[in-house]
Amino acid sequence: RLLAILRTGARYIERVAGHDAALKALARLRPQLFDALASGPITRALGLSSGELSARLVQDIDAVQTVFVRRSAPWSFGAGLVTAVLLATIASPWAGGALAAGMAAACGGGVLLARALSAPAGREAQIAMGVLKDRLASLEAAAPELKAYGLDGWAAREVASTAATFDRTQIALARAGGWIAAWQAAATALTIIGVAVAAQGADLPMIALALLAAVMGVESATGLTGALHLNGRAEEALDRLDAALSAPPHRRGDPPKSGAVSLPALGETLTPPDRLGLHGPSGAGKTSLIERLCGLREALPGEAMLGGADVASLAPEMRRALFAYAAQDVRLLDDTIRRNLLLAGPASDDALWAALDDAQLAERVRADPLGLDASVGPNGERLSGGERRRLGLARALLRDAPWLVLDEPTEGLDAETERRVLTALDRRLAARGQGLILVSHRAAPMALCDRQARVDGMDIDGRVRVTPGRRPVAA
């Protein structure tokens with residue numbers, strides 16, 4: 001009875017300790033993974049969809065949890081084996097030998113079944129979960145278009161098809177678990193019978209002790225085979241996490257000595273408070289060029305210079321430190337206006353309101369009872385397209401950087417709002433001595449720039465072609 005109580009208490013302590021270690025490890029792992037993805041190679045970070053990223057941060061890390069929780073399983077099996085065999089041997093040496101053979105068969109068969117059935121099924125299930133989340137995320141992002149074109153049924157069939165694939169992998173994994181459980185039950189029964197036969201001739205209490213030892217010993221193998229059953233998912237998750245956390249280091253180079261920007265095609269070097277306007281046909285590569293400068297795309301050698309250093313030799317974070325970028329397609333957190341603005345860096349409420357005033361968005365925010373604490377909704381859905389773009393502009397205005405980079409900042413604005421935005425922008429740039437690199441198809445924003453260049457497209461190697469020249473007035 002005492003041993004039974006101790007066994008229950010020891011199992012409870014082992015589970016608590018294992019889960020405590022797992023949860024603490026996962027609490028450290030998620031921030032490390034996010035940091036690795038955010039600061040690693042640009043192509044890797046931008047190559048992950050929201051669904052894939054969610055699968056890495058949630059499902060993959062959850063799968064790894066079993067590695068920590070089940071780490072003690074081999075030791076538990078070893079302790080159970082030694083203890084059970086010793087107790088059975090007290091009744092009869094033959095009983096001890098029979099128990100050792102039965103436990104070896106139970107463990108060996110479980111290991112073989114886990115490797116043959118559970119491991120591949122677990123890997124496929126983990127991959128299928130990532131595919132399902134990626135498909136759901138992509139269809140959810142396109143939900144308005146799917147509704148508009150009457151493709152709801154097609155989307156539902158796509159989800160059902162992907163979910164069916166995932167369900168098949170789950171069924172295969174459950175079936176593998178069933179075979180392992182059946183083997184464990186059969187091994188337990190055969191081992192008990194073998195021990196009972198081998199212990200014949202011993203006293204009845206000794207036979208009972210040997211049988212209890214047999215049950216305890218075979219049960220100790222259950223934890224090990226259970227851990228092996230989940231190893232396939234954990235190994236697939238670990239492989240994907242290792243790929244994310246162990247990317248090859250990019251070239252760092254020396255930090256740029258200044259904020260000077262030089263495009264060889266222009267034949268001159270720009271320094272704040274210079275202003276450069278880029279124009280050209282849609283798809284010519286204007287956004288690609290500025291994103292390479294800002295460290296959001298891989299740069300090509302010789303395409304541009306920053307502070308006297310080739311952009312391609314600088315780490316992305318070095319490039320990003322020189323620019324405050326407001327993209328054409330603004331991305332917003334599902335959070336408050338305040339939290340979205342503070343992504344640019346620490347700032348007082350007065351500074352936040354000043355940026356909103358210059359972006360001509362303060363009146364809209366003040367009209368909301370919550371003010372800066374009003375939520376923008378998922379990806380800013382509670383704001384109009386122009387309001388989202390102006391919130392992105394206000395965020396860029398708050399960032400302390402030598403250059404302000406704006407991609408179509410007034411697209412979608414009426415003429416009067418555009419005029420007020422540009423007037424405030426001109427005043428703010430002059431007051432701060434900040435440089436401007438502007439992309440626009442519109443004449444009014446380009447009028448802010450003392451230098452202009454035309455982007456004509458990309459060469460076959462991806463290099464953007466830039467030629468000096470002002471935007472035609474009639475264009």
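Evaluated with a Cβ-only charge set (Lys, Arg +1; Asp, Glu -1), the chain carries a dipole of roughly 460 debye about its Cα centre, given to the nearest 20. Projected onto planes of every orientation and averaged, the convex hull of the alpha-carbon atoms in segment 331-475 covers 10.1 nm². Based on the Cβ-Cβ distance of R331 and R44, what FRET efficiency does E = 1/(1 + (r/R0)^6) give at R0 = 22 Å, to the nearest 0.05? The pair R331/R44 has a calculated efficiency of 0.75. Extents of segment 2-245, largest first, come to 82, 37, 27 Å (Cα atoms, principal axes, whole angstrom). Under a model in which nothing but the beta-carbon of Lys, Arg (+1) and Asp, Glu (-1) is charged, segment 2-245 shows a dipole of about 220 debye around its Cα centre.
Neighbour counts of C-beta atoms inside 10 Å place E145, E140 in the sequence E145, E140, starting with the fewest.
On the beta carbon distance between R175 and L26, with R0 = 51 Å, the FRET formula returns roughly 0.95. By the count of neighbouring beta-carbon atoms within 10 Å, fewest first, D426, D349 end up ordered D349, D426. In terms of Cα atoms, the Rg and Dmax of segment 282-337 work out to 13.0, 41 Å. Each of S161, F77, L87 was scored by the projection of its Cα onto the charge dipole of the chain, and the greatest displacement toward the positive side belongs to L87; charges sit on the C-beta of Lys, Arg, Asp and Glu.
Rounded to two decimals, what ratio of Rg to Rh does the chain give with C-alpha atoms and a Kirkwood Rh?
On the Cα set of the chain, Rg over Rh gives 1.18.
Could you tell me the ratio Rg/Rh of segment 103-237? Both radii from Cα atoms, Rh via Kirkwood.
Details: Rg = 23.1 Å, Rh = 17.8 Å.
In segment 103-237, Rg relative to Rh is 1.30.
May I ask you to derive the relative contact order of segment 2-245, considering only C-alpha pairs under 8 Å and at least 6 residues apart, and to give it as an integer percent? The value is 37 percent.
222 nm [θ] for the chain, helices only, -39500 (n - 2.57) per DSSP H run of 4+, per residue, to 500? Could you put the intermediate results ahead of the total?
Working: 19 runs with 284 residues, N = 475.
It comes out at -19500 deg cm²/dmol, rounded to the nearest 500.
Three principal axis extents of segment 156-224 based on alpha-carbon atoms, in descending order, are 68, 16, 14 Å. Ordering E381, E387 by the number of other Cβ atoms within 10 Å of each residue's own Cβ, fewest first, gives E381, E387. Compared with the dominant Cα axis of the chain, that is its longest principal axis, helix 152-198 is turned about 20°. Around Y325, which amide H atoms from residues at least 5 apart in sequence, or from another chain, sit under 5 Å from its own amide H, with H modelled in the peptide plane? Amide H neighbours of Y325: V405. Taken about its Cα centre, segment 261-468 carries a charge dipole of about 140 debye when Lys and Arg each add +1 at the Cβ and Asp and Glu each add -1 at the Cβ. With θ taken as phi - 60° and the Karplus curve 6.51 cos²θ - 1.76 cosθ + 1.60 applied, the whole-hertz 3J(HN,Hα) list for segment 329-346 is 9, 6, 9, 10, 6, 6, 8, 7, 4, 4, 5, 5, 5, 6, 4, 6, x, x Hz, x standing for glycine and proline. Annotation: amide H of R297 within the under-5 Å range of R292, sequence separation 5 or more or interchain, hydrogens built in the peptide plane. Scalar couplings 3J(HN,Hα) for segment 268-277, obtained by applying the Karplus form with A = 6.51, B = -1.76, C = 1.60 to θ = phi - 60°, are 8, 10, 9, 9, x, x, 4, 10, 10, x Hz; x denotes Gly and Pro. Residues whose amide H comes within less than 5 Å of that of Q452, counting only those at least five positions distant or on another chain, are G277, G469 (H built at 1.01 Å from N in the peptide plane).
Values in this text are rule-based calculations from the coordinates and carry no lab data. As the structure is a computational prediction, the values presented were derived from the model and not from experiment. Cβ: placed from backbone, ideal geometry, glycine included. Neighbour counts: every protein chain shown.
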